[in-house]
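What follows is a short report on a single structure.
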Amino acid sequence: MLMSLFTLMASAQLQTQTIPQISVSGEGKVSVKPDYVVITLGVENTGKEAGEVKKLNDDTVDKVLKFIKSFGIPSSDYQTTNVSLNKNYNYEKKIYSYVANQSLSITLKDVTKYDALMMGLVNQGINDINQVEFKSTKIEEYKSTARKEAIKSAKRKAEDFAGTLGQKVGKAILITDTNATVTPIPMLMKSAGWVMAAEATPQQTLAVGEIEVTATVNVSFVLE
């Protein structure tokens with residue numbers, strides 16, 4: 001009886017190992033238009049006295065925050081992300097100096113107002129633009145669509161291979177998913193830089209473009 005059980009188990013394992021199958025990968029892509037932008041920027045001042053540079057920064061940040069409020073951006077959509085005051089020493093000149101920094105993060109939910117916002121911020125004293133990220137409020141929905149397209153792509157590829165061999169693709173027996181990636185389109189800025197923006201003639205400085213959401217899957221199908 002025990003020997004028969006071992007024989008059946010070995011036979012089952014052999015059958016599992018010898019199931020004809022095909023393994024392929026599939027990729028799905030979805031291009032979407034961003035509907036909001038997150039801007040990280042800041043103010044930096046350097047001087048000989050700590051109190052002096054801190055006051056310069058505080059005065060500028062005060063004007064910047066008042067401008068953001070007057071622009072109609074709710075308080076929940078902007079915040080201070082970093083404040084620092086550092087003492088530096090110049091070994092060649094043998095003197096100390098101080099550098100004050102304050103960074104802000106702003107979420108702009110109407111990308112058509114980007115140029116007006118940035119020009120206003122520069123006019124108020126912003127002198128450090130760290131990062132601009134285009135995003136979508138429906139990104140999870142688009143990730144799901146990209147995954148479904150990746151599965152369809154994998155099945156089409158498997159059917160191409162199997163059809164050439166005169167076989168058919170059966171059910172999927174293994175699916176391996178990779179994380180969906182989101183590739184934003186970078187900001188397009190004036191070549192002269194934002195420091196000179198206030199003196200320049202008005203022009204478009206942002207190419208919104210699209211966000212590309214990509215998903216990749218590996219699928220093993222039974223061959224019939």
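The values are calculated or read from the model by the stated rules, or taken from the named source; none is laboratory data. Everything numeric in this text was worked out from a predicted model, so none of it was measured. Glycine gets a Cβ as well: all are built from the backbone with ideal geometry, and neighbour counts include every protein chain shown. Side chains included, ligands, DNA and RNA excluded: accessible areas come from the protein's heavy atoms. Shrake-Rupley method; radii C 1.70, N 1.55, O 1.52, S 1.80 Å.
Okay, here's what the table says:
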quantity	calculated
Segment 120-132 - residue that is surrounded by fewer than 16 Cβ atoms within 10 Å (Cβ to Cβ) and out of contact with any Gly (no Cβ under 6 Å at 6 or more places or on another chain) and, of those, nearest to S31 (Cα to Cα)	Q131
Verdict on T137 being more than 22 Å from K54 (Cβ to Cβ), in contact (Cβ under 8 Å) with a residue 12 or more places away in the chain and exposed (fewer than 14 other Cβ atoms within 10 Å of the Cβ)	yes
Residue that is nearest to Y36 (Cα to Cα), among those in segment 84-110 that are surrounded by 14 or more Cβ atoms within 10 Å (Cβ to Cβ) and of a type in the set (V, I, T)	T107
Whichever residue in segment 24-82 is over 29 Å from T137 (Cβ atoms) and either within 20 Å of the chain's Cα centre (by Cα) or small (G, A, S) (or both) and, among such residues, is least open to solvent (accessible area, probe 1.4 Å)	G47
Unique match (being part of a helix (DSSP H, G or I) and not aliphatic (A, V, I, L, M)) among S97, S153	S153
Cβ pairs under 7 Å, 6+ apart, first in segment 30-43 and in contact (Cβ under 8 Å) with a residue 12 or more places away in the chain, second aromatic (F, W, Y)	V30/Y142; V32/Y142; P34/F134; V37/Y114; V37/F134
